Amino acid sequence: MLKPMFHKCDVLVIGGGFSGAWSALSAAEHAKSVLIVDKGSRDWRGLGMMSGGDMGVVPCECSVDDFLEELVYYYDGLCDQPFARMVLEQSYARFSDLERWGHKFARNPDGSMRYILQRDLKLIRYYYYHPYGKGGPHTCDTLYDQLEQRGARRLSNVQIVDLIKEDGDSGRVTGAVGFHTRSGMPVVIQAGAVILCTNTGGFKMSYLGNTAVGEGAVLGFRAGAEFRSMEFLQNWTCPRAFAWEGQTGMLPYGARFVNSEGRDFMREYSPIHGAKSDPHYNIRGMALEAREGRAPLWFDTSTMSPEGVEAMTPTGGWMLLNDQKLKALGIDFFKSRTEWMPQFQYIFGGMVTDLQCRTRVPGLYAAGRAASLHTGVYMGGWDTCMTSTTGYVAGAAAAKEAMNLDRSVPFDKGQALERLAPALDLMERPGIAPKDIVRAVQELMVPADVSVLKTGQGLSRSLQKLEYVRDNLLPEMAAADPHYLLKAMEARGMTLVAEMYLRASLMRKESRCGHFREDYPTRDGDPAWIHIDRHNGRMRLRFHRVPVETYQFRPHRYYMDDFNYPDQPKSVPSGTMEASHA
């Protein structure tokens, strides 16, 4: 074994994206030493680099109560109202921070802020970056400039494998252990508090979401954190032949989806919202259209308003490159129809936290997509809102806890290295390549009766395959070098979150938000969460009622009721839906 690298800090932030940056800069206001560790290169800075940089905000002239009530309706009652209120209340302060630091949101000629209403809702909106296409990288530049000013340290190309706790598996989190992904050098980090900012997990279904695959979920699960809403999968729509960001803006400006017969099919499924609705409802419609033989499906931007085309035309970044390549082929994206398809990306759920973003594990916090607030539907700019607010809260709380710790408690480096040894051993043997595990998990997750029009039969079939991967393939996985050891940790994370998703989806025998069980197409009584934790070495799932009687708003209207899908399952021609969703 190479000589270990050792670091010591007050607050360790795992994950260098938006939530990691916000956590670190907030922690640096209260702690002496803050360290961000990311598996990517120093200039990667997380999935926020690929975003539009838009942000959902409750402006100062609007009521948080009104926004919260609309969110309860949009979430079909499955809303952690105290946590959502915290996010909404803090959103404008974080928005103002970004503006003060030089992030430029679009404005009208009179100086007022430009925004786009989301999902055909009355209030919830996002404010977008100008010029369009450069917002994600500029948000990263803005945040990392602040980190430099605050003296937060950054450690890149390090994959964290396990969290270290006092007294072995009991007690508080005191640090982490991992390895350098190029040299293989062991890395041991002692910390007063740890914040997970790693996304919950995805499935490498596009180059835009290739890196968020569940390692943070493994860390939290093994440490004893509790998870919630893991049955909710973020489905998206995307072009079949290229990538494009911005449908959350283009649909409100008049874009639409049409089937092979040229019909605006979402108007038939929801005369109220049409294609302005949440992507999960659009995808449900796309799957049904494909099943009825009305594919391919097209995204029609020719119906957008001139104002919308002006606002959503990319002027920089990877989208500008794609736009230029399309025009070189004679395709004007905003004057044509392009073939689109569903694509699943990430698990929506995350770790259960309190209003200070503390998990139930002492010393462990979660922020951004690692925390649980999403319940299966999504608004444009909402992740930027969540990452900034929860990151800021988690950073401050973790720093204050770390600065009040008893510094005389010893940290056992030898114990930490023992936790790393099973991972490093994967480089000492032949075995199954990580990519084969990844492909096996992708194949069992992608069928439409598992990811869109869920059925007990489809979910049970995939769970059986997943258990085979977990019990027979994963233990035989090997890595040729440190780079592929990183890939092995990703495959391990992907396998865990897939199992959480399948088990929770089977347990929720109803339809609500983005979770649609075709064999249980209606709601089942009052809303309840599904909590997942590790108990006696096994995965345990339990229902937790949403305590609506103690909340400000009792659910009485539901976004899902604005849609009319067929209630009864129909036979599926072999390969039809899978081909449209692959």
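Here are the numbers:
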quantity: Test set (1) in contact with an Asp or Glu (Cβ under 9 Å, 6 or more places away or on another chain); (2) more than 19 Å from S112 (Cβ to Cβ); (3) assigned to a loop (DSSP other than H, G, I, E, B) - G48 fails condition number; calculated: (3)
quantity: Qualifying positions in the range 99-153 - in contact with a strand residue (DSSP E or B) (Cβ under 8 Å, 6 or more places away or on another chain), open to solvent by 60 Å² or more (accessible area, probe 1.4 Å) and under 30 Å from H483 (Cα atoms); calculated: R153
quantity: Test: T338 is touching a residue at least 60 places away in the same chain (Cβ under 8 Å), hydroxyl-bearing (S, T, Y) and touching a Leu at 6+ places or on another chain (Cβ under 7 Å); calculated: no
quantity: Residue in the range 200-217 that is farthest from the chain's Cα centre (by Cα), counting only those that are in a helix (DSSP H, G or I) and surrounded by fewer than 24 Cβ atoms within 10 Å (Cβ to Cβ); calculated: Y207
quantity: Every residue from the range 61-78 that is surrounded by 23 or more Cβ atoms within 10 Å (Cβ to Cβ) and charged (D, E, K, R); calculated: D76
quantity: Residues of the range 404-437 satisfying the condition of being surrounded by 10 or more Cβ atoms within 10 Å (Cβ to Cβ), of a type in the set (G, A, S) and free of Cβ contacts under 8 Å to residues at least 40 places away in the same chain; calculated: A421
quantity: Qualifying position, being in a loop (DSSP other than H, G, I, E, B), at pLDDT 95 or above and out of contact with any strand residue (DSSP E or B) (no Cβ under 6 Å at 6 or more places or on another chain), among V58, V72; calculated: V58
quantity: Only one of E261, E268, E289, E245 that is open to solvent by 20 Å² or more (accessible area, probe 1.4 Å), among the acidic types (D, E) and assigned to a helix (DSSP H, G or I); calculated: E268
quantity: Filter result (outside any helix (DSSP H, G or I) and either open to solvent by 10 Å² or more (accessible area, probe 1.4 Å) or touching a His at 6+ places or on another chain (Cβ under 6 Å) (or both)) within the range 311-325; calculated: T313, T315
quantity: Filter result (over 23 Å from Y74 (Cβ atoms) and charged (D, E, K, R)) within the range 525-570; calculated: D533, R534, R538, R540, R542, K570
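Results for (1) in contact with a strand residue (DSSP E or B) (Cβ under 9 Å, 6 or more places away or on another chain); (2) over 30 Å from R172 (Cβ atoms), shown as yes or no for each residue.
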residue	(1), (2)
M230	yes, no
W236	yes, yes
R240	yes, yes
R263	no, yes
S270	no, yes
L297	yes, yes
E310	no, yes
L329	no, yes
T338	yes, yes
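The values are calculated or read from the model by the stated rules, or taken from the named source; none is laboratory data. The structure displayed is predicted, hence computed values, not measured ones. Neighbour counts are summed over all protein chains in view; Cβ atoms, including those assigned to glycine, are modelled from backbone coordinates with ideal geometry. SASA here: full protein model, heavy atoms, side chains in, ligands and nucleic acids out. Shrake-Rupley method; radii C 1.70, N 1.55, O 1.52, S 1.80 Å.
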